[in-house]
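K.L.:
Pasting a structure below so you can have a look.
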Amino acid sequence: MSDISTSPRLWKAVVPICFICLLYLCSLFLFFCATNSLIYSTVCLLRANASFCAQIDQNKSLIVLEESIQKESAQWNLYGTLSFSIIACFMSPIFGSLSDTKNRKLPIVLTISNAILTGLIITIASIYQGTQLCLILYLVANVVNGFGGGALILISSCFGYATDSCKEKGQHVQTIALIEASLNIGVVIGYLLCAFIFELHSRIWHILLVNVILLGVALFISLVFLKTPSITELSTITTRQKIIRPIIDTRDLIVDLKNNHLLVSFLILLLSLFFYDMYRMGSGSILYLFLHRMSFDDVHYAAYFTFEQLATCLALLILALLKGRWKINDLYLASIGLILSLVGPMLFAFAENNKTMIFGAIPSSMFSVYFAVCLRSIVANLVPQKDKGKAFSFIALIQNLDVVVGTIACVEIYEASIDFFPGLVFIFAAATRVMALILILIQACCVSHTPQLSLTVPVDEVEDPLINTESNENDDDDDTLIHS
């Protein structure tokens, strides 16, 4: 099996993408760390004074007021998330079409530029911490961020750009795993920076300023080091055709998959991703509040996620090494990741004030990433190269829908159960992961009982160097599953 290290062309594509992803995710989690603290402290300061807010998480005699502040903070987080994600859902197919019809670089540049503008707005908002204006500017920043598509669009565009240079299927998982590892390293650095700045007792706007600087570096790399292949196709297309192009492209992708008897497999994969990511994408609004309820301060909060992301990065490096040495079926690895991901939410659900159980969830979460990596690899092998941007934009669309549905579900469940069982939201998380696992097992079962699916390839196979159409009677049954 081919290895990434033997392809200099692939390294030239992957290395800049890894640096862009690292910087963007580092800045993103600085943004999350700062805005979570900003919203929580602002809501508290609107109700009480600074000395009162400083001890509210440690003084359990204030539990009733703390629950009230947590509920209101959760609502503002919900408003901000919805104002971003609803717009981002509409932008996903547009950016996917740009990736396929213009070039892979353009969506990356646009997303990063928009994130810089968002960072500047929220930095201004932090100056008005403790006032209603701060909360209003927070919503404005999320609306602006929605038009750039956010991290999901950037990551999908980066996957499309990097995998274009893959010549063999075996390189897909390795490439995606390395990019995922860079994402996790970025998260680690982001949380470490956040904890360090909080330890210095600096202001929130300092964190947000660092966020903007990192995005500026990422934009410089994308402008200088990413290639821009020329496209002449659009020169004869009218403005009206450009507007409706994303809809036509989406229709064409579905028609191609249907003609090749791959549409059902594609939909099952997307639906399983929807259930897997429902909690993961929605939990950002309540995890900060839940851990503060567990007596975590901002430094402990950052430390937990630093350890979690380091462990996830290690799991991804292990995955890249495994795929480089052995043919391990992607569906099997995805199933293993899903099964292991069930343990973490259950530990959270019954942790109460037991920090050991919370940190004990890290081994579960570190291997759960296998599902997302392997699913993207399967999708990349399922469609021709010309449709890869649209396929990854579908994934971004599903994840943005998860942000909407998951955030509403997590916030409403957490608010409704905070008085009697705050861990109920994590039972919900486990239930959605079980649904994803059932769908993946159905997909594996369909392929094993329908051998003709493994022989079906997209109509554009000649254009797509990613799909190996050579027939070999000695091929592993495992390898045939990757086509489906």
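The values are calculated or read from the model by the stated rules, or taken from the named source; none is laboratory data. In this text, all values refer to a predicted model and were calculated from it rather than measured experimentally. No Cβ is skipped: glycine too gets one built from the backbone with ideal geometry, and neighbour counts run over all protein chains shown.
K.L.:
Looking only at segment 130-189, count every residue that is over 19 Å from residue 110 (Cβ atoms), at pLDDT below 80 and aromatic (Phe, Trp, Tyr) and tell me the total.
P.N.:
Qualifying residue count for the region: 0.
K.L.:
Considering only residues that are of a type in the set (A, V, I, L, M, F, W, C), over 19 Å from residue 151 (Cβ atoms) and in a helix (DSSP H, G or I), look in segment 381-411 and name the one that is modelled with the lowest pLDDT.
P.N.:
Residues of segment 381-411 that are of a type in the set (A, V, I, L, M, F, W, C), as a first pass: 382-383, 391-392, 394-398, 401, 403-405, 408-411.
Applying the additional criterion that residues be over 19 Å from residue 151 (Cβ atoms) yields 382-383, 408-409, 411.
Subsequent filtering for residues that are in a helix (DSSP H, G or I) retains 382, 408-409, 411.
On the way: 382: 74, 408: 86, 409: 88, 411: 85.
Looking at residues that are of a type in the set (A, V, I, L, M, F, W, C), over 19 Å from residue 151 (Cβ atoms) and in a helix (DSSP H, G or I), I get 382.
K.L.:
Taking interchain pairs and intrachain pairs at least six residues apart, which have beta carbon atoms under 7 angstrom, with the first residue in segment 307-323 and without any contact (Cβ under 8 Å) to a residue 60 or more places away in the chain and the second of a type in the set (S, T, N, Q)?
P.N.:
Matching pairs, first to second residue: 308/365.
K.L.:
Turning to a different aspect of this structure: Name the residue that is modelled with the highest pLDDT, counting only residues in segment 51-81 that are more than 19 Å from residue 291 (Cα to Cα) and crowded, with 19+ Cβ neighbours inside 10 Å.
P.N.:
Applying the filter and picking the extreme gives 80.
Residues checked against (1) within 18 Å of the chain's Cα centre (by Cα); (2) closer than 20 Å to residue 25 by Cβ; (3) not in a helix (DSSP H, G or I):
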site	(1), (2), (3)
264	no, no, no
274	yes, no, no
301	no, yes, no
323	no, no, no
333	no, no, no
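Here's the yes/no breakdown for (1) exposed (fewer than 15 other Cβ atoms within 10 Å of the Cβ); (2) out of contact with any His (no Cβ under 8 Å at 6 or more places or on another chain); (3) at pLDDT 85 or above:
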{"residue": "413", "(1), (2), (3)": "no, yes, yes"}
{"residue": "426", "(1), (2), (3)": "no, yes, yes"}
{"residue": "449", "(1), (2), (3)": "yes, yes, no"}
{"residue": "458", "(1), (2), (3)": "no, yes, no"}
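K.L.:
So which residues in segment 251-282 are within 22 Å of residue 352 (Cβ to Cβ) and surrounded by fewer than 21 Cβ atoms within 10 Å (Cβ to Cβ), if there are any at all?
P.N.:
Filtering segment 251-282 down to residues within 22 Å of residue 352 (Cβ to Cβ) leaves 279.
Residues satisfying the conditions do not exist here.
K.L.:
For residue 245, which of the numbered conditions (1) within 27 Å of residue 162 (Cα to Cα); (2) modelled with pLDDT of 65 or more; (3) outside any loop (DSSP other than H, G, I, E, B) fails to hold?
P.N.:
(2)
K.L.:
For the subset of segment 283-299 comprising residues that are outside any helix (DSSP H, G or I) and not charged (D, E, K, R), which member is surrounded by the fewest Cβ atoms within 10 Å (Cβ to Cβ)? It would help to see each step written out before you state the result.
P.N.:
Initially, segment 283-299 is screened for residues outside any helix (DSSP H, G or I), giving 283, 294-297.
Filter again for not charged (D, E, K, R), leaving 283, 294-296.
Values: 283: 23, 294: 20, 295: 12, 296: 19.
Selected residue: 295.
K.L.:
Look at segment 248-268 and say how many of its residues are of a type in the set (A, V, I, L, M, F, W, C) and touching a Ser or Thr at 6+ places or on another chain (Cβ under 9 Å). Walk me through how you get there before you give the answer.
P.N.:
Residues of segment 248-268 of a type in the set (A, V, I, L, M, F, W, C): 248, 253-255, 257, 262-264, 266-268.
From what's left, touching a Ser or Thr at 6+ places or on another chain (Cβ under 9 Å): 248, 257, 262.
Count: 3.
K.L.:
Here are some residues: 103, 114, 142. Which one is not charged (D, E, K, R) and not in a helix (DSSP H, G or I)?
P.N.:
Numbers: 114 fails: not in a helix (DSSP H, G or I); 142 fails: not in a helix (DSSP H, G or I).
Going through 103, 114, 142 in turn, just one is not charged (D, E, K, R) and not in a helix (DSSP H, G or I): 103.
K.L.:
Inspect segment 98-108 for any residue being at pLDDT 85 or above and touching a Ser or Thr at 6+ places or on another chain (Cβ under 6 Å) and give the result as yes or no.
P.N.:
yes
K.L.:
Return the only residue of 306, 407, 356 being buried (at least 24 other Cβ atoms within 10 Å of the Cβ) and over 13 Å from residue 273 (Cβ atoms). Spell out the reasoning first.
P.N.:
On the way: 306 fails: buried (at least 24 other Cβ atoms within 10 Å of the Cβ); 356 fails: buried (at least 24 other Cβ atoms within 10 Å of the Cβ).
Exactly one of 306, 407, 356 is buried (at least 24 other Cβ atoms within 10 Å of the Cβ) and over 13 Å from residue 273 (Cβ atoms), namely 407.
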